[in-house]
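Structure record follows, encoded as structure tokens.
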Amino acid sequence: MQKKSVVISGVGLWTPPYTVSNEELVDSYNAWAEQYNTKNAEQIHNGEMEAKPFSSAEFIAKASGIKNRYAYVKEGILDINRMRPKLSVRKDEELSHQAEMAMHAAKKALSEANKVSTDIDMVIVACAYTQRSYPAIAIEVQAALDIQGQAFDMLVACSAATFALQRAYDSVASGSCRAVLVINPELTSPQVNYTDRDSHFIFGDVATAVVIESSETCVSAHSYDILGTQCVTSYSNNIRSNFGYTSRVTDENPYEADKLFHQNGRKVFKEVCPMAASHIEAHLSTLGISINQLRRWWLHQANINMNLLISKRLLGRDATLDEAPIVLDRFANTASAGSIIAFSEHHKDLEEGDLGVICSFGAGYSIGSIVLQKRDVNA
């Protein structure tokens, strides 16, 4: 059976109502650090404990390029006696927090694609974390949107979106689905250790969604042919989270640093950048596309220095912001949603025939790329 031509026909971006600036985070963290150091002054003086270092907004911006982030719930994050968001508990019959986020983005993507629930055969919720193991958040969203067919969650850390897009592409190309809704409700703030100077600023909350369908049914004003997808994983311990359902039975403190997000940042930078650049180059080569033919790079938004190095390694020069848009200054690292945010905000200006690549890279290690070409609006 001949594969169908597959397109991205709609994308949706939803941001929470709250923001947290670097200055707010630093004021809170420094106040907590001072309280900690004062409380443990004797142990610190005797060398039994280490003093907590202080931070600055300038340090964060220079180290990461991040200046701001969205928060699904802001209450509790800046409270030096709590240092974590305070989510309300919802009843089983109520829509979960993550499903609510997903719904907002999904409706926007469906609207842009000019699709309704009866057009969709599959829902994939792909993100770094889900708030529960079962039933799947995707099935909850499927029910709320009154979509028939199948739904499931997919967890591949910061590459979850691109891995899900590959699965969606395969489903439409094979003819098993008419259209697939991929949603990335990244509720990242609960994983953050807000008492760790080196990581408390990294993540932000957001939700994105993408509609994948056959070119035969596409009626979107801004659609992209998917020329190829490629995903790869290679095990590494350098980015890790150990919090899970077994945490309650190990008799360990679930708030210890190694239970929440932690990483060896220098190793990640050193190892992932060349891996991502090589991955993109090899993927384009299989399609007969040269680096210089790409009009735009929608890269994972983890760290501005990583993005600059990857694009420079490929282009042999610094990429312009038009070529490789940066959104992490406003959104921070939003896990798998980062590259989709970049695509959402920077895809309508391209012209027919322009080429681009969505690329993610993160824990696993995991790397995924989707090569796209802008379609004729009148196609």
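Among DSSP beta bridges lying fully in the chain, give the percent that are antiparallel, nearest 5. Don't skip to the end; give the middle numbers.
Numbers: 41 of 57 bridges.
Percent antiparallel among DSSP bridges in the chain is about 70.
Provide the packing ranking of 21-27, 156-162, i.e. peptides ordered by the mean count of other C-beta atoms within 10 Å per residue, highest first.
So the order, starting with the most tightly packed, is 156-162, 21-27.
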Net charge around Arg90, counting only other residues with Cβ within less than 13 Å of its Cβ (Lys, Arg = +1; Asp, Glu = -1)? -3
Other-chain or far-sequence residues with amide H under 5 Å of Gly228's (modelled H): Val371
From the convex hull of the Cα coordinates of the chain, what is the mean projected area in square nanometres? 19.5
Over 24 Å between alpha carbons, listed pairs Lys270/Lys312; Lys86/Lys270; Lys91/Lys115; Lys74/Lys348: Lys86/Lys270; Lys91/Lys115; Lys74/Lys348
Around Cys127, with a cut-off of 15 angstrom between Cβ atoms, what is the net charge of the other residues, counting Lys and Arg +1 and Asp and Glu -1? -3
Would you mind computing Rg(Cα) / (2.2 N^0.38 Å) for segment 224-374, counting N as its residues? 1.15
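Would you calculate, for the chain, the mean residue ellipticity at 222 nm contributed by helices, counting each DSSP H stretch of 4 or more residues as -39,500 (n - 2.57) and dividing by all residues, to the nearest 500?
Working: 10 runs with 117 residues, N = 379.
Helices in the chain give a 222 nm mean residue ellipticity of -9500 deg cm²/dmol.
Order 316-326, 74-84, 183-193, 132-142 from most to least packed using the mean count of other Cβ atoms within 10 Å. Write down the numbers at each step before the final one.
Working: 316-326: 13.6, 74-84: 16.1, 183-193: 26.5, 132-142: 18.8.
Ranked from most to least packed, the peptides come out as 183-193, 132-142, 74-84, 316-326.
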With +1 on each Lys and Arg Cβ and -1 on each Asp and Glu Cβ, how big is the dipole of segment 128-256 about its Cα centre, in debye rounded to the nearest 20? 120
Convert each backbone phi in segment 335-341 into a coupling constant with the Karplus relation 6.51 cos²θ - 1.76 cosθ + 1.60 (shift: θ = phi - 60°), then list the ³J(HN,Hα) values in order as whole Hz, x for Gly and Pro. 6, 5, 6, x, 5, 6, 4
What's the magnitude of the charge dipole for the chain around its Cα centre, counting Lys and Arg as +1 and Asp and Glu as -1 at the beta-carbon? Answer in Debye, nearest 20. 460
Roughly how big is segment 224-374's charge dipole about its Cα centre, with Cβ charges of +1 (Lys, Arg) and -1 (Asp, Glu), in debye to the nearest 20? 340
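Where a number appears in this text, it was derived from the coordinates with a stated rule and is not lab data. Predicted model only: the values in this text are computed from it and were never measured. Every residue, glycine among them, receives a Cβ derived from its backbone with ideal geometry; neighbour counts consider all protein chains shown.
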